[in-house]
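Have a look at the structure below, then the notes.
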Amino acid sequence: MLNRLYVAVVLAITLLGSSATNIVMTNDDGWATAQIRAEYAALKSAGYNVILSAPAVNKSGSSSFSTTPSVLTTACEFDTCAAGSPAYGTDASDPNIHYVNGYPVDAVKYGIKTYAPAAWGSAPALVVSGTNVGSQFFHALVSGTIGAACEAALEGIPSVAFSGASGSEVSYTTLATTTLASTISANIYSALAVKFTNALLANSGAILPAGITLNVNFAATTSCTSAASYKFVLTRISSISFSSDVTTCGTSRLPTESSAITKGCVATVSVMDASSKGDVSAANQAIVLAKLSPILSCL
Ligand SMILES: *[C@@H]1O[C@H](CO)[C@@H](O)[C@H](O)[C@H]1NC(C)=O
């Protein structure tokens, strides 16, 4: 009896373990910022296997630039590695936290093609880019956080770019001070990212259509004091459109992300073409709407 129970428990643990989704994380603010480390911890607590592969220094605004990663000529951000350190490095206290001394595109590529196969024997199921410090509307084209998410989608890996209006580019060591404004926003955005990731992965079948990424923007935390106070709203990127959007909330014209974000505790969700960084067809918006309907609300 006990033996059978033991076998059942081991089997259950094995099944649970093998079903955990493998996620590669990146950003453009750098591998040692508070926001990405808070989110790394939150996704792990939620049961995901996570590998962080992000730039060694701040690479904000680097769009889809790419280079051959090189030896550091300065220290990593917040002195997390010394000048002269190799092009690729790993946190001394966590074998799944890595830097790449290149652009976000280079960091995510290395995460997908090298770090993930080394740890899991395969590419990740999902790439999470961000949460970026600062919203991404008009500068979606220059954002390295979005550039990395688009790169992942073009490599065949479903991806999401998260950005948040609050917070600052501070070291992850500041997370120990829970009363700091940047810690509070990092924790709220991390909880939102987990909620969104859970919803996206809740369905069976393909996570997203090929060549498509999601641009998710969180409103400021100033008057939104918990993840529960936010509502996710399906939006579009551009105010210029010659065709209809998916029909939802009684209209076939989605609100633009930059207008929706001004309407309170909102998290905008735009379906983005990874090549053009513009909007997608109504048919592809419909696929995302169906998947995320349990968490989507009308404005
Ligand atoms: C990171 O780089 C961006 C773009 O160059 C700059 O605006 C921002 O202030 C930088 N952040 C820090 C903390 O240096």
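What the table below lists for this structure:
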read-out: Simple spin-label estimate for Thr248 and Thr222 in nanometres, 7 Å along Cα-Cβ; value: 2.7
read-out: Percent carbon-and-sulfur accessible area, the chain, ignoring ligands, DNA and RNA, probe 1.4 Å; value: 60
read-out: Gly278 long-range amide H proximity, modeled H, under 5 Å; value: Asp273
read-out: Residue order for Asp29, Asp79, Asp273 - accessible surface, 1.4 angstrom probe, largest first; value: Asp79, Asp273, Asp29
read-out: Formal net charge of residues neighbouring Val133 (Cβ-Cβ distance under 13 Å; K, R +1; D, E -1); value: -3
read-out: Environment charge at Leu52 (Cβ cut-off 15 Å; Lys +1, Arg +1, Asp -1, Glu -1); value: -3
read-out: Under the span-like rule (Cα at least 18 Å along the axis, Kyte-Doolittle mean at least 0.5), DSSP H helices of the chain; value: 2-19, 181-201
read-out: Cβ-based charge dipole, the stretch 2-297, positive-most Cα from Cys76, Gln136, Val100; value: Gln136
read-out: Segment Thr262-Ala20, extension gain: residue separation times 0.36 nm, minus the distance between their alpha carbons; value: 83.5 nm
read-out: Highest to lowest packing among 213-221, 44-52, scored as the average C-beta count within 10 Å; value: 213-221, 44-52
read-out: FRET E, pair Ser293, Ala75, Förster distance 51 Å, beta-carbon r, rounded to 0.05; value: 0.65
read-out: Efficiency of FRET from Cβ geometry, Ser122 and Thr178, R₀ 25 Å, rounded to 0.05; value: 0.10
read-out: The chain, accessible area per residue, ligands and nucleic acids excluded (1.4 Å, Å²); value: 42
read-out: Cβ-Cβ FRET estimate between Ala199 and Ala83, R0 fixed at 51 Å, reported to 0.05; value: 0.75
read-out: Fraction of the pair-distance distribution of the stretch 2-297 above 30 Å, Cα-Cα pairs, percent; value: 28
read-out: Lys pairs under 28 Å by Cα in the stretch 2-297, provided they are eight or more residues apart or on distinct chains; value: 26
read-out: 5 angstrom amide H check on Leu299, placed H, neighbours 5+ away; value: none
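The values are calculated or read from the model by the stated rules, or taken from the named source; none is laboratory data. Since the model is a prediction, treat every value here as computed from it, not as a measurement. Counting neighbours? That spans all protein chains shown, and the Cβs are built from the backbone with ideal geometry, glycine included. The accessibility values were calculated without ligands, DNA or RNA, using every heavy atom of the protein model including side chains. Shrake-Rupley method; radii C 1.70, N 1.55, O 1.52, S 1.80 Å.
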